[in-house]
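Below: one structure, written as structure tokens.
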Amino acid sequence: FVFLAELGHWQLVRRSGKEVKFHELRNGKLEEKTSFVRVVVGSPNTSYRTLTLPKPETERRVLVENTALWQIDVAHGTLRETVLPREQVAFRVNDKGVWQRETSTIDLLAIVDEQVDAVGGLGGALKLMDENLKLTNEALENSGATFRYRRAHVLAHDFTFPGVDSVNIAHSLAHDPDVTAIRKLIKADGIYYGGTLNTNKRLPCGIAYASP
């Protein structure tokens with residue numbers, strides 16, 4: 001909810017959605033009548049790979065969260081979109097009464113520093129990084145943003161920056177020719193670095209790199 005001071009009352013911004021499991025749907029057909037549904041794709045495996053959206057009605061939204069190792073298609077009428085592993089995509093009924101994709105996805109190349117033993121090694125580092133992405137995407141969903149983040153690929157044990165100030169690591173990775181080549185190969189939009197913090201500077205929030 002958001003409070004509209006000029007009107008003196010609270011206004012509903014986002015409805016809480018009902019969660020359903022993809023493997024529990026009959027032949028992948030979503031028949032829920034509620035206005036907002038979250039569909040989670042995961043184990044167990046299914047013989048179908050397409051989620052069919054319900055009849056379009058005003059203000060309907062469907063959020064698809066793919067935690068499986070395989071991609072699925074989302075379809076209705078002329079709409080056909082692919083949701084990749086570790087991707088979260090929202091769909092809504094537009095003003096013309098047609099289902100359309102609501103969100104875009106920013107693919108990230110995850111780079112895990114060799115010095116990750118402090119957080120349980122590679123597995124622990126990736127678990128922590130994925131949890132951070134999950135919380136970020138939840139915040140984006142709650143705020144009404146129309147983009148999400150996805151870990152597209154992982155580079156591990158190829159990079160380390162002992163003694164380097166963390167503020168300078170982002171700049172180093174952004175200009176590394178090997179990283180640039182891999183980013184182009186997998187068509188990643190950005191870099192997601194996981195390592196240990198090493199800085200004496202005051203950081204109010206975090207570190208990001210933006211090209212000039």
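The values are calculated or read from the model by the stated rules, or taken from the named source; none is laboratory data. Note that the coordinates shown come from a computational prediction; the quantities given were computed from them, not determined experimentally. So basically every Cβ, Gly included, is an ideal-geometry build from the backbone, and we count neighbours across all protein chains shown. Quick note on the areas: whole protein, heavy atoms, side chains included, nothing else; ligands and nucleic acids left out. Shrake-Rupley method; radii C 1.70, N 1.55, O 1.52, S 1.80 Å.
When both residues are 6+ apart or on different chains and their Cβ atoms are under 7 Å apart, which pairs have a first residue that lies in region 1-20 and is farther than 18 Å from E59 by Cβ, and a second that is at pLDDT 75 or above?
Note: pairs meeting the criteria are F3/W10; E19/R38; E19/V40; V20/E32; V20/V37; V20/V39.
Considering each residue of region 54-110, count those that are of a type in the set (G, A, S) and assigned to a strand (DSSP E or B), and give that number.
Applying the first criterion (of a type in the set (G, A, S)) to region 54-110 yields 68, 75, 77, 90, 97, 104, 110.
Pick out the ones that are also assigned to a strand (DSSP E or B) and you get 75, 90, 104, 110.
The number of residues fulfilling the criteria is 4.
Please work out which one of (1) of a type in the set (G, A, S); (2) open to solvent by 40 Å² or more (accessible area, probe 1.4 Å); (3) without any contact (Cβ under 8 Å) to a residue 12 or more places away in the chain; (4) at positive phi is the condition S172 fails and give its number.
Unmet condition: (4).
I'd like the full set of residues that are without any contact (Cβ under 8 Å) to a residue 60 or more places away in the chain and open to solvent by less than 30 Å² (accessible area, probe 1.4 Å), limited to region 105-125.
G121, G124 - these are the residues of region 105-125 that are without any contact (Cβ under 8 Å) to a residue 60 or more places away in the chain and open to solvent by less than 30 Å² (accessible area, probe 1.4 Å).
I'd like to check something: does region 179-191 contain any residue that is small (G, A, S), modelled with pLDDT under 90 and within 24 Å of the chain's Cα centre (by Cα)?
At the first step, the residues of region 179-191 found to be small (G, A, S) are 181, 188, 190.
Retained after the next criterion (residues that are modelled with pLDDT under 90): none.
No.
Scan region 52-59 and tell me whether some residue there is among the basic types (K, R) and more than 19 Å from F147 (Cα to Cα). Before you say what the answer is, go through the steps one by one.
As a first pass, look at region 52-59 and keep what is among the basic types (K, R): 55.
Those left that are additionally more than 19 Å from F147 (Cα to Cα): 55.
Within region 52-59 (the criterion being among the basic types (K, R) and more than 19 Å from F147 (Cα to Cα)), the answer is yes, since at least one residue qualifies.
If you scan region 67-85, which residues turn out to be modelled with pLDDT of 95 or more, under 14 Å from the mean Cα position of the chain (by Cα) and surrounded by 18 or more Cβ atoms within 10 Å (Cβ to Cβ)?
Of everything in region 67-85, just one residue is modelled with pLDDT of 95 or more, under 14 Å from the mean Cα position of the chain (by Cα) and surrounded by 18 or more Cβ atoms within 10 Å (Cβ to Cβ), namely V83.
Take the residues of region 126-149 that are in contact (Cβ under 8 Å) with a residue 60 or more places away in the chain and closer than 14 Å to L63 by Cβ: which is surrounded by the most Cβ atoms within 10 Å (Cβ to Cβ)?
Keep residues of region 126-149 that are in contact (Cβ under 8 Å) with a residue 60 or more places away in the chain, which gives 126, 128-129, 141-142, 144, 148.
Okay, now just the ones that are also closer than 14 Å to L63 by Cβ, so 141-142, 144, 148.
Working: E141: 18, N142: 10, G144: 9, R148: 21.
Taking the candidates together, the pick is R148.
Of everything in region 150-169, what is of a type in the set (D, E) and open to solvent by 50 Å² or more (accessible area, probe 1.4 Å)? Give them in sequence order. It would help to see each step written out before you state the result.
Restricting attention to region 150-169, the residues satisfying the condition of being of a type in the set (D, E) are 158, 165.
Within region 150-169, just D158 meets the criteria.
Restricting attention to region 35-57, and to residues there that are hydroxyl-bearing (S, T, Y) and at pLDDT 85 or above, which single residue is least open to solvent (accessible area, probe 1.4 Å)? Break it down stepwise before answering.
Initial filter on region 35-57 (hydroxyl-bearing (S, T, Y)): 35, 43, 46-48, 50, 52.
Now drop any that are not at pLDDT 85 or above, which leaves 35, 46-48, 50, 52.
Values: S35: 38, T46: 21, S47: 120, Y48: 40, T50: 37, T52: 49 Å².
Step by step, filter region 35-57, then rank; the result is T46.
So is Q88 within 30 Å of L173 (Cα to Cα), of a type outside the set (A, V, I, L, M) and open to solvent by 70 Å² or more (accessible area, probe 1.4 Å) or not? First the steps, then the outcome.
Details: within 30 Å of L173 (Cα to Cα): yes; of a type outside the set (A, V, I, L, M): yes; open to solvent by 70 Å² or more (accessible area, probe 1.4 Å): no.
Taking the combined requirement at face value, the residue does not satisfy it.
Criterion first (modelled with pLDDT of 85 or more, open to solvent by 30 Å² or more (accessible area, probe 1.4 Å), under 25 Å from the mean Cα position of the chain (by Cα) and of a type outside the set (K, R)) does Y209 satisfy it? Outline the logic, then answer.
Working: modelled with pLDDT of 85 or more: no; open to solvent by 30 Å² or more (accessible area, probe 1.4 Å): yes; under 25 Å from the mean Cα position of the chain (by Cα): yes; of a type outside the set (K, R): yes.
No; evaluated as a whole, the condition is false for this residue.
Test each condition in (1) open to solvent by 50 Å² or more (accessible area, probe 1.4 Å); (2) more than 13 Å from the chain's Cα centre (by Cα) for E102 and report the one that comes out false.
(1)
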